[in-house]
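Working notes for the structure below.
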Amino acid sequence: MSYSPSAMRIAREEARRRVSRRSTLIALISTVVIGSVLVIVVTGAPGFALVRQSFFNWHYAKKSFPTVLSGLWLNLRVMIVAEIFVLIFGLLIALARTSHSPILYPVRLLATIYTDIFRGLPLLLVLFLVGLGVPGLQISWLTNSAVILGTVSLILTYSAYVAEVIRAGIEAVNPAQRMAARALGLTQSQTQRHVILPQALRKVTPPLLNDLVSLQKDSGLISVLGAIDAIRAAGINTAESFNFTPYVVAGALFVALTIPLTRFTDWLTRKQDRARVQQGQW
Amino acid sequence: MTMANILEIKNLRKSYGQDLVLQDISVSLAEHEVKVLIGASGSGKSTLLRAINLLEGIDDGQIFLEEKDISEVGVNADQVRSQIGSVFQAFNLFPHLTVLENIVLGARYVHGMEKAEAHQKALDLLERFGLAEKAHAYPDLLSGGQQQRVAILRAVITKPKVLLLDEVTSALDPILIGEVLALIGELKAQGMTMMIATHEMGFAKRVADQVLFLHQGQIKETGSPSELLENPRTPECQAFLGALREAGRL
C-alpha cells in the first residue's frame, strides 16, 4: 500500500520548518550584532593601535616562532611524562583511598592527607617549594634540573586531582556490581580489577581528559623555574624586543596543542550521553 | 544427620540494628532438592539467601555447607561463595563485558579454568539455551529475560553445590518470565540443588519439593506445594495467599 502523507503531517512539517528558519535568523542577527559591538569596542579603544603593535605584530611573530616552537617541544615532553605518572599515581591513590583493608590504613590516611594538601596548594607554590627548595637542600645525588623538578611539581599536584576523579568513578559504580562479583567468589582485588575499575574509568574518562588538558597548559608554568619552554622562550624574545607578540605565539601554540584533546573529550561525553539515553537510563 | 544435606541452617538470627529481620530459621537442603521461599516483600527471603552466601553477616545460629560450618569467624568467604551460585532480581550482569565474558569470569578467575575450556563450556551452555548468537553482545542489547538467563548461566557454569535464586523474575515483563522459568525447570531436571525466593506461585508449585512461607522473619509454615498453596494452615499464610489471589497472581 502506498503511503501519502496526510494534510496534518504536511502542515506540521511546514510549521517545523518555519520555526527552524526563525531560529536560524535569530542566531544570525544575534551573532552579527554581538560581533560588531565587540569589534567596535576593541578597535575603537584609545590604545588599540598600540596594543595591536605590541601584541599582534606579524614581524615579531615570525621572528620568535622558531624559538617558541622549540620551547614547546620541551612542554610536549614534560606533559607526556607528567600525564603518564599522573595517571599511574592517581590510580594508585584512588585505589588506596577506596580500599577497606586494615593493612592499608596508614596508606589510606596518607593518601587522604596528600590529596587534601595538593588540591589546595596553588601549583605556583608547589613549583617554588619543589623547584627552589629541593636544590636548596644541597643533597648531592638529587637533581637540580628545573625541567625535572618542574615536572615533579606537576605530577604532585595533578595526581591529587586525578585521584579524586578516579575515586569518584569507583564510588559511582553500582554497589550491586561488587555484590554480584563477590557472589561469584571473586576476591576483593579481582573484583576491583575485573569489575569495578573498568566501569569506573569509563565513567570518568571525560573529566579525566579535562584534567589532562589542564595539565598540558599548566606545563607552561615550569618556566618560572627557568626551564626554557615555550613561555620562557617567548619571554626571552620579548626581553630582546620589548614586544609581547611572542607570548601570543606561545599561547596560540598551547591552544593548538590542547584543542584535539578538548574536542575528543566533548565528542566522548556526547557519545556517552547518547548511549545513556538509548539505554533508558535518563 | 541421616542423609547428607548440602545445606543446613540452624537457628539463624539476623537483625539490622533494632529491626529483627530473621529469627529462628532452621532449614536444610538435601542434594537435588528444591525449596521455594514465599512471603511478602520484607519478610526476609532475600536476607536469608544473602546470609547463605555470606553477603550478609548473621547475629546467631549456624550455616553448614556440606557439613562444614561456614558461619564461623575466619571462614574463607570467597572459597565458600565459589561453591554457591547466586542470581539476583536485577540480573547484575557486568555491563562492560560481553555475554561470553560475563559467563566465564568466575570460571576463569575463581575456578582457574583455562580460557579455551571456559569459553567452550560457556558457548555450549549458550547454544543449549538458545542464546548462542548473543555470545559477543553486550548485556545492554539483550532483553531482560535474556539477561537473566545469562546471569543464571554465569552462576551455573562452575557447577555450584547450591543455586540461590532471589526473585529472579520480579523485574521482568510477564512475557519474558516464561523463558527464565523454563531454564530453571531445566536445571531442576538436571538435579540442581536450589533455594528459590519467588512471587510466582504457579512456578513454585511446579518446581518446589517443599515450600516455606516466611512472615516477618520467621518460617510460619512449611509444606509440599500442593498442601501449602491450596490449604494453608496459618492465618498469616492464608492472608498472604488471599491477597495474591485477589491481585490475580495465584
Name every residue in the stretch B:72-112 that is more than 19 Å from the chain's Cα centre (by Cα) and polar (S, T, N, Q), in order of residue number. B:76, B:98
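Suppose the filter is out of contact with any strand residue (DSSP E or B) (no Cβ under 8 Å at 6 or more places or on another chain), surrounded by fewer than 19 Cβ atoms within 10 Å (Cβ to Cβ), under 30 Å from residue B:159 (Cα atoms) and within 14 Å of another protein chain (Cβ to nearest Cβ); does residue A:193 pass it?
yes
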Residue A:164: acidic (Asp, Glu), within 16 Å of the chain's Cα centre (by Cα) and in a helix (DSSP H, G or I), yes or no? yes
Within the stretch B:40-51, is even one residue within 11 Å of chain A (Cβ to nearest Cβ), farther than 21 Å from residue B:208 by Cα and in contact (Cβ under 8 Å) with a residue 40 or more places away in the chain? no
Can residue A:13 be described as of a type in the set (Asp, Glu) and in contact with a helix residue (DSSP H, G or I) (Cβ under 9 Å, 6 or more places away or on another chain)? no
Out of the residues in the stretch B:77-117 meeting the condition of being β-branched (Val, Ile, Thr) and not in a helix (DSSP H, G or I), tell me which one is nearest to the other protein chains (Cβ to nearest Cβ). B:110
Considering every residue within the stretch A:71-78, establish whether at least one is farther than 25 Å from residue A:255 by Cα, touching a helix residue (DSSP H, G or I) at 6+ places or on another chain (Cβ under 9 Å) and surrounded by 12 or more Cβ atoms within 10 Å (Cβ to Cβ). no
Tell me which of these residue A:178 doesn't satisfy, since it passes every other one: (1) in contact with a helix residue (DSSP H, G or I) (Cβ under 9 Å, 6 or more places away or on another chain); (2) more than 23 Å from residue B:47 (Cβ to Cβ); (3) more than 8 Å from chain B (Cβ to nearest Cβ). (2)
Which is at pLDDT below 90 and small (Gly, Ala, Ser), of A:226, A:220, A:235, A:185? A:226
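Working carefully through the options B:202, B:191, find the one that is in a helix (DSSP H, G or I) and more than 23 Å from residue B:142 (Cβ to Cβ).
B:202
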Among the residues of the stretch B:64-76, the number that are free of Cβ contacts under 8 Å to residues at least 12 places away in the same chain, part of a loop (DSSP other than H, G, I, E, B) and away from chain A (no Cβ under 13 Å) is 3
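Listed residues B:12, B:65, B:20; which is more than 14 Å from the chain's Cα centre (by Cα), over 25 Å from residue B:150 (Cβ atoms) and surrounded by fewer than 17 Cβ atoms within 10 Å (Cβ to Cβ)?
B:20
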Determine the pairs where a residue that is within 14 Å of chain A (Cβ to nearest Cβ), located within the stretch B:134-157, has a partner that is hydroxyl-bearing (Ser, Thr, Tyr) and surrounded by fewer than 23 Cβ atoms within 10 Å (Cβ to Cβ) with Cβ atoms under 9 Å apart, the partner being 6 or more residues away or on another chain. B:137/B:98; B:138/B:98; B:139/B:98
Give the stretch A:221-262 a look and list any residue that's of a type in the set (Gly, Ala, Ser), part of a helix (DSSP H, G or I), crowded, with 22+ Cβ neighbours inside 10 Å and in contact (Cβ under 8 Å) with a residue 40 or more places away in the chain, or say none. A:230, A:233, A:234, A:250
Looking only at residues that are crowded, with 21+ Cβ neighbours inside 10 Å and among the small types (Gly, Ala, Ser) in the stretch A:167-190, which one is nearest to the chain's Cα centre (by Cα)? A:169
If I go through the stretch A:169-190 residue by residue, how many of them are within 18 Å of residue B:155 (Cα to Cα) and part of a loop (DSSP other than H, G, I, E, B)? 4
Single residue of A:81, A:37, A:51 found to be touching a residue at least 24 places away in the same chain (Cβ under 8 Å), of a type in the set (A, V, I, L, M) and in a helix (DSSP H, G or I): A:81
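The values are calculated or read from the model by the stated rules, or taken from the named source; none is laboratory data. Quick caveat, the model's predicted, so the values are computed rather than measured. Methodologically, a virtual Cβ is constructed for each residue, glycine included, from the backbone with ideal geometry; neighbour enumeration extends over all protein chains shown.
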